[in-house]
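The values are calculated or read from the model by the stated rules, or taken from the named source; none is laboratory data. Predicted model, so just to flag it, every value in this text is computed and none were measured. Cβ placement follows ideal geometry from the backbone for every residue including glycine, while neighbour counts extend to all protein chains displayed. To get the accessible areas, we keep the full protein, side chains included, count just its heavy atoms, and leave off ligands, DNA and RNA. Shrake-Rupley method; radii C 1.70, N 1.55, O 1.52, S 1.80 Å.
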Amino acid sequence: MRKTLFSIVFSFITLHAFCWGFYGHRKINNYAVFLLPPEMMQLYKPNIDFITEHAVDPDMRRYAITEEGPRHYIDIDHYGAYPYNELPRRWNDAVTKFSEDTLMQYGIAPWWVQTMLYKLTDAFKEKHQAKILKLSAEIGHYIADAHVPLHASSNHNGQFTDQRGIHGFWESRVPELLAEKEWDFFIGKADHIKNPGDFIWQRVLESARAADSVLLFEKELSKIFPADQKFSFEERNGITIRQYSSAFSIAYDKKLNGMIERRMRQSIYAIASFWYTAWVNAGQPDLKQLSSKELSEADLKEFEDLNNAWRKATIKGRDHE
Ligand SMILES: [Zn+2]
């Protein structure tokens, strides 16, 4: 009975902990602002709370809209072996070869980042402040997801290898434990990306290649770690939850040799560089002279709906479980 209760609570926690966790996404978007040139900083810095808070909207939207899910991942191993040359990198070629239904079924993360880049570039051209900020916050989410190894693997929550929970372990538990205290987020500055398609595919391929170690190292560590020390139980809001213990999390991070910190830093750099690229490609509009500064009624309504759908917590489409 007790065990059942623990696992129910545990799966509830992991259900809410996909995609870098809310903590990670907010941190990543927040840090990305500091890589921008002064001309962009004058817009992003005063709005950093918005960029930070809305980093998680795309995850909340997964509770409201079925098509949202596939934008966050790609089960690239469905298309053969690394480097997956079977899969055309251009959307139209991939649709012709595999059909849109198939692509949607296995995830469209690298293409969706490019779609978001077009939208953001257009928002800069329109000088539409509300759109620029909203799209900046959201593209940050999708880029960060593309950097997570288990977002590029069909075994996304270790469900094929008896490692359920590893998704949230890698991207939430470990960063929440170590990012603040141990990791370095001094990163430098954003660059203009000449070929955003190539860039994001490279990141996805790195993620796919790293997925094996993410899974294997947890398995290896579990074998040598005393079973009763792998998990710890913590009281939160009156309920006991099971989570990977600090000792196990630290040992795992060490075995990964800084991989999570590295991917987090790369996410931050990539996000700032995509923002910068959109602005440059739009002709570097003066961000002091923007229109539509207030969010529209429709935006405000959407934020409210997203929050409500998320609170009800019934995910549409595939879950990361
Ligand atoms: Zn996500």
Neighbour cut-off at most 15 other Cβ (10 Å), DSSP loop, GluC sites (Glu not before Pro), the range 81-156: GLU86
Theoretical ellipticity at 222 nm over the chain - DSSP helices of four or more residues, -39500 (n - 2.57) apiece, nearest 500: -18000 deg cm²/dmol
Per residue, the convex hull volume that the Cα atoms of the range 76-169 enclose (Å³): 115
Angle in degrees between helix 196-224 and the longest Cα principal axis of the chain, rounded to the nearest 10: 10
C-alpha long axis of helix 246-255 to longest principal axis of the chain, angle in °: 70
Karplus 3J(HN,Hα) series, Hz, for the range 284-301 with 6.51 cos²θ - 1.76 cosθ + 1.60 (x for Gly, Pro): 6, x, 6, 7, 7, 10, 9, 9, 6, 6, 8, 5, 6, 4, 4, 4, 5, 5
Between helix 109-126 and the chain: long-axis angle, C-alpha atoms, 0 to 90°, nearest 10: 30
Dimensionless Rg/Rh of the range 238-288 - Kirkwood Rh, Rg from C-alpha atoms: 1.33
Amide H partners (placed H, <5 Å) of HIS156, local residues excluded: none
Cleavage-rule hits, trypsin sites (Lys or Arg not before Pro), the range 209-291, DSSP coil, Cβ neighbours within 10 Å at most 14: LYS288
Euclidean distance of C-alpha centroids, the range 35-69 and the range 217-268, integer Å: 28
Kirkwood-based Rg to Rh ratio, the chain, C-alpha trace: 0.97
Whole-number accessible area per residue in Å² for the chain, which is evaluated in the context of all protein chains at 1.4 Å: 47
Label-reachable residues, the range 159-197, where backbone N falls under 19 Å from a point 7 Å from ARG89's Cα toward its Cβ: 191-197
